[in-house]
Amino acid sequence: CSRISKLSECRGRARFLSDKERAALLDACKASKSPHLYPIVVIALSTGARLGEILGLSWPNIDLQKGRIILQETKNGETRSVPLTGHALKVVKEWSKVRRLDSDLLFPNKRNPNTHIDIRSPWYTSVKRAELEDFKFHDLRHSAASYLAMNGATLAEIAEVLGHKTLQMVKRYSHLTEEHTSSVVASMNERIFSDV
């Protein structure tokens, strides 16, 4: 086996929502028969959390005062804290007013409150209603990372929010940070050469 070369890994998928697509999806989720879908999608878009991480959320892991979510059930097995701000915080606060008292889960199953709900059907219906092509739930995570990059976050900051241990996973968003990097370098050059 030592003579067999390794196959190169694909760069990975980086599909993210345009502003128009995002608005269409959020409208479709609001109109969904499932009241859970809109809050779940808002959390995914604003935090970059995976579906399993969101469905595993429990109220003791939500700090509405500090605006933080503690994700316990992460892919790499490590607990991570993610800011919850703006519209997402408002949505979760509203959701807390109608929470079930027989379960700690944010999104408990109607029949068994100790398990989370299944959103596959309302999700597919909403994606179809929003007329999105080739869009999966995990692409909301890519969308969050892309929005972070486009708003000036560094690759290290994106990795921290998404819970990646290495920067290799977030390199797919590097082209989106180029504009920010250019402005940072321009600002630095302007400052250090201002008296030349």
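The table for this structure:
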quantity	calculated
Matching residues, region 27-46, being in a helix (DSSP H, G or I) and open to solvent by less than 40 Å² (accessible area, probe 1.4 Å)	Ala28, Cys29, Leu37, Tyr38, Pro39, Ile40, Val41, Val42, Ile43, Ala44, Leu45
Whichever residue in region 1-20 is under 16 Å from the mean Cα position of the chain (by Cα) and at pLDDT 65 or above and, among such residues, is surrounded by the fewest Cβ atoms within 10 Å (Cβ to Cβ)	Asp19
Evaluation of Ala49 against (1) surrounded by fewer than 21 Cβ atoms within 10 Å (Cβ to Cβ); (2) in a loop (DSSP other than H, G, I, E, B) (one fails), failing number	(1)
Single residue of His164, His175, His138, His142 found to be within 22 Å of Ile69 (Cβ to Cβ), out of contact with any Phe, Trp or Tyr (no Cβ under 8 Å at 6 or more places or on another chain) and modelled with pLDDT under 90	His164
The listed residue being surrounded by fewer than 13 Cβ atoms within 10 Å (Cβ to Cβ) and either small (Gly, Ala, Ser) or touching a residue at least 24 places away in the same chain (Cβ under 8 Å) (or both), out of Ser126, Ser121, Ser58	Ser121
Residue within region 63-80 that is of a type in the set (D, E, K, R), part of a helix (DSSP H, G or I), open to solvent by 50 Å² or more (accessible area, probe 1.4 Å) and over 17 Å from Ile158 (Cα atoms) present	no
Of the criteria (1) out of contact with any helix residue (DSSP H, G or I) (no Cβ under 7 Å at 6 or more places or on another chain); (2) part of a helix (DSSP H, G or I), which one Ile54 fails	(1)
Test: residue in region 95-104 that is under 24 Å from Asn151 (Cα atoms), of a type in the set (Ser, Thr, Tyr) and open to solvent by less than 20 Å² (accessible area, probe 1.4 Å)	no
Checklist (1) at pLDDT 95 or above; (2) open to solvent by 90 Å² or more (accessible area, probe 1.4 Å); (3) in contact with a strand residue (DSSP E or B) (Cβ under 9 Å, 6 or more places away or on another chain) applied to Asn114, failing item	(1)
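The values are calculated or read from the model by the stated rules, or taken from the named source; none is laboratory data. These numbers were taken from a predicted model, which means no experiment stands behind them. Note that each Cβ is placed from the backbone with ideal geometry, even for glycine, and that neighbours are counted across all protein chains shown. For the accessible areas, the whole protein counts, side chains as well, though only heavy atoms, and no ligand, DNA or RNA atoms are used. Shrake-Rupley method; radii C 1.70, N 1.55, O 1.52, S 1.80 Å.
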